[in-house]
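The values are calculated or read from the model by the stated rules, or taken from the named source; none is laboratory data. Predicted model only: the values in this text are computed from it and were never measured. Cβ sites come from the backbone with ideal geometry, for glycine too, and all protein chains shown count toward neighbours. The protein model used for the area step is the full one, side chains on, heavy atoms only, and it has no ligands, DNA or RNA in it. Shrake-Rupley method; radii C 1.70, N 1.55, O 1.52, S 1.80 Å.
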Amino acid sequence: MSVASEVSGRPQAATDLLFSRKAKKQRNMGQILRWMVLFLGGLIMIAPIAYMISTSLKWPHEVYNVNLIPEEPTIENYTYVLEDGRFYGWFVNSIIIALITTVSNLFFDSLVGYTLCKFRFPGRQIVFIAILSTLMIPTEMLVIPWYMMSQSFGWLDSYWGIMFPGLMTAFGTFLMKQFFESVPDDFLEAARIDGLNEFQIWWRIAMPLVKPALAALAIFVFLGNWTAFLWPLIVTNSVEMYTVPVGLSGFGDEVDVAWELIMTGAAISTLPTLIVFLIFQRFIIRGVVMAGLKG
Amino acid sequence: MADLSLKKLTKAYGQVEVLHGIDLDISDGEFVVFVGPSGCGKSTSLRMIAGLEEITGGEIWIDGRMVNNLEPKERDIAMVFQNYAIYPHMTVRKNIAFGLWNAPMSKSEKSARIEEVARVLDMDNLLDRKPSQLSGGQRQRVAIGRAMVRNPAVFLFDEPLSNLDAQLRTQMRLEIKKLHQKVGNTIIFVTHDQVEAMTLADRIVIMKDGFIQQIGTPEEVFHNPVNAFVAQFIGAPSMNMLEATGNGQDLSLRNGEKLPLQVTTLTGQKLLVGIRPDDLVLHPETPLITGNISVREPLGSETLIYVSSSHGEIVARVPGKDAPRVGEEVHLGANPDSLHVFDAESGAALV
């Protein structure tokens, strides 16, 4: 009040200030409520990760205790998993598969998306719809034909066998096509006049302009392949060809599941996804927003 | 540098023909402006010359070569787009370098050429900036630089100034004209703005609905328009059109006023009498038009007055000093020599 009277001395100004204070209080309440909701959401998301890390630091006899802080924390599990040669092999397998699949998707999805977006040719719409319609078929239905195909081509238990279904995706093609819509044709025509051929126009002009979309796609594809379970489990036979998720599920023996080791492996295997995310995160947020707008 | 000719050029999208046989010869070093309302086919013609649009019929010749089946890069042309189309992910230097993509030059020759172009366009200090750090006018200059660096036979400009604000547009217009005087290449410039067309062109090509209406110097199309469309399109404000009827040696206006004619008309022929706002004078000895002023637009040295008369709304350009007020009754007249007479049906000029 004293501030108000100092400002003008008029009662009107004082009430104005009072009202604005009240409004401010209400705003603050809203803010606190919002933070609480976000905090709860964050808690729910962090809980499994916290348990994963906590379990990885426990001795086997303590695993079924729900306490978050281990009674006798140990890094024994980490040394075991890292010294056990199998995990290292699976890690390398997963990295190779996720990287190659990601690069392949970035290249082919955007190539096809660009062509469908920027070129007018007969049957273009049919091709696009055909690609989109594959999104409607669930993986579970495709697994058997894939398996039969892999068997007849001799791809079982190989990198190629694990990777081939995901080297190109309808989703990625669709995403990239939508993003290329936002690239004005004038850029491409200017490049055509400058003397670039069609491939160079795509690679040097169009691709740099959709970097956010490429980053988003890179994260989606990398994560998708890094965590893929069903198909790698089916197509691989030998322990050496396992990927991390497949390998982890087999930790322990027939009777006992070694949760502390599975959680340790899982904790280690989140590292690459974290790295990929940290590299691309400034793009992905923009990418997801833009994908949402375009969708 | 080269001549360019269009021979019976047509363009159709499916069954719809949008360009109906364009014939045009442009000589070496000429600055030609295509002008017309939107949808008249001016940009389509330009894009066909560039090779960005397929040719339905007819031929395009550049420098003695028929280029119908050549790729854009083989036609020895360069184009500047309305929205600049400079690559946003590259520096100015790289953008300009792209113009030399296919040039058989060494790296040092290329960079010398880039520096030279930058100097001519007065942007040496901008070479290492990204387009996002440039103003609209600077971006347009980069686009022009990318076109210039190759020293093409023909420059194509597709409404390059329409994204700039009024002041910058006037400035860039002047710069483009100076540039043409300096480098002397053949230029084809597309615009919908008749002021741009008048100020820039050696010759203006006025188009409407896929037909060329008139080709001529700015003076020709202004003083001797071949039809009512050209007469109204060129000049701002537009030419006033008064309905009239011909009676052989003279014509009568709607208000019964009779005017002598230099040509003979059929009796009862419907005519349009065109008078430029500049040719109308206040308080003449024989008034043609009488009416009250409904709107006035002071422009400083002169004032536009809009007069509601028996001929409809008539606009006149009068001296700015002591211009009549809104609501005032005025009499307007014109020198008979400055009148244009058109056939009302075909629009063709009779005088």
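General remarks:
- Distance between modelled label sites at A:TRP59 and A:GLU76, nm, 7 Å Cα→Cβ extension: 0.6
- Chain B: most fluctuating residue of B:GLN181, B:GLN232, B:GLN167 per GNM, C-alpha cutoff 10 Å: B:GLN167
- Accessible surface of A:MET176, taken over heavy atoms with a 1.4 Å probe and every protein chain present, rounds to 0 Å².
- Cα gyration tensor category, rounded, prolate or oblate, for the range B:4-231 with a/c compared to 1.5: prolate
- Note on B:ASP63: accessible area approximately 90 square angstrom, rounded to 10, probe 1.4 Å, nucleic acids and ligands left out.
- Under 18 Å from the B:ASP28 label point (7 Å along Cα→beta-carbon), backbone N, the range B:166-192: B:180-188
- In terms of accessible area, using a 1.4 Å probe and ignoring ligands and nucleic acids, A:TRP146, A:TRP202 rank largest first as A:TRP146, A:TRP202.
- Inter-chain Cβ neighbour average for residues B:78-86, partner chain, 10 Å: 4
- DSSP-assigned coil residues among GluC sites (Glu not before Pro) in the range B:29-107, each with at most 14 further Cβ atoms within 10 Å: B:GLU54
- Accessible-area order (highest first, 1.4 angstrom probe) of the listed residues B:GLU196, B:GLU220: B:GLU220, B:GLU196
- Restraint check, B:LYS7/B:LYS178; A:LYS177/A:LYS211; B:LYS178/B:LYS208, Cα-Cα greater than 22 Å: B:LYS7/B:LYS178; B:LYS178/B:LYS208
- Here the dipole of the range B:4-231 is about 800 debye; that uses its Cα centre as origin and unit charges on the Cβ of Lys and Arg (positive) and Asp and Glu (negative).
- Note on A:ASP256: accessible area approximately 90 square angstrom, rounded to 10, probe 1.4 Å, nucleic acids and ligands left out.
- Max mean-square fluctuation residue, GNM over chain A, Cα-Cα springs under 10 Å, options A:ILE193, A:ILE95, A:ILE69: A:ILE193
- Treating r as the C-beta distance of B:GLU220 and B:GLU74 and R0 as 35 Å, the FRET efficiency rounds to 0.50.
- Other protein chain Cβ atoms within 10 Å, averaged over every residue that makes up A:191-201: 6
- Of the DSSP H helices in chain A, those that are both long (alpha-carbon extent of 24 Å or more along the helix axis) and hydrophobic (Kyte-Doolittle mean at least -1.0) are A:11-56, A:85-118, A:259-294.
- For the range B:4-231, the residue among B:VAL154, B:SER5, B:MET198 whose Cα projects farthest onto the positive side of the dipole built from Cβ charges is B:VAL154.
- Taking A:THR139, A:THR227, A:THR102 as the candidate residues, the one with maximal mean-square fluctuation in a Gaussian network model of chain A, Cα springs under 10 Å, is A:THR139.
- Gyration tensor verdict on the range B:1-76 (Cα atoms; rounded if a/c is under 1.5, prolate if a/b is larger than b/c, oblate otherwise): oblate
- Linear extension gain, A:ASN237 paired with A:LEU167, 0.36 nm per residue minus alpha-carbon span: 23.1 nm
- The range A:19-73: chymotrypsin sites (Phe, Trp or Tyr not before Pro) falling in loop per DSSP and having at most 15 other Cβ within 10 Å: A:TYR64
- Chain lengthening between A:ILE96 and A:TRP160 when straightened (0.36 nm per residue, less Cα-Cα): 22.0 nm
- Prolate/oblate/rounded call for chain A, Cα gyration tensor, a/c under 1.5 rounded: oblate
- Once exposed loop trypsin sites (Lys or Arg not before Pro) are cut out (DSSP; at most 11 other Cβ, 10 Å), longest piece of chain B: B:1-320
- Nearby lysines by direct alpha-carbon distance to A:LYS24 (threshold 18 angstrom, same-chain neighbours under 8 apart not counted): none
- Rounded Å value of the spacing that divides the Cα centres of the range A:167-211 and the range A:18-74: 44
- Highest average first, the peptides A:215-222, B:15-22 ordered by how many other beta carbon atoms sit within 10 Å of their residues are A:215-222, B:15-22.
- Here the spin labels are modelled as points 7 Å beyond Cα on the Cα-Cβ line, and at A:PHE199 and A:ALA50 they lie 5.4 nm apart.
- Heavy-atom accessible area, probed at 1.4 angstrom with all protein chains present, ranks A:PHE107, A:PHE153 as A:PHE153, A:PHE107, highest first.
- Excluding same-chain neighbours fewer than eight residues apart, the aspartates and glutamates reachable from B:LYS270 by a Cα-Cα span under 18 Å are B:GLU243, B:ASP250, B:GLU257, B:ASP343, B:GLU345.
- Lysines whose Cα lies under 20 Å from that of B:LYS110, excluding same-chain neighbours fewer than 8 positions away: B:LYS73, B:LYS94, B:LYS130
- Signed unit charges on C-beta, dipole axis of chain B, positive-most listed residue B:ALA323, B:GLY248, B:PHE81: B:PHE81
- Take each residue of peptide B:149-157, count the partner chain Cβ atoms within 10 Å of its Cβ, and average: the result is 1.
- Spatially, the range A:115-166 and the range B:133-168 are offset by 46 Å when compared through their Cα centroids.
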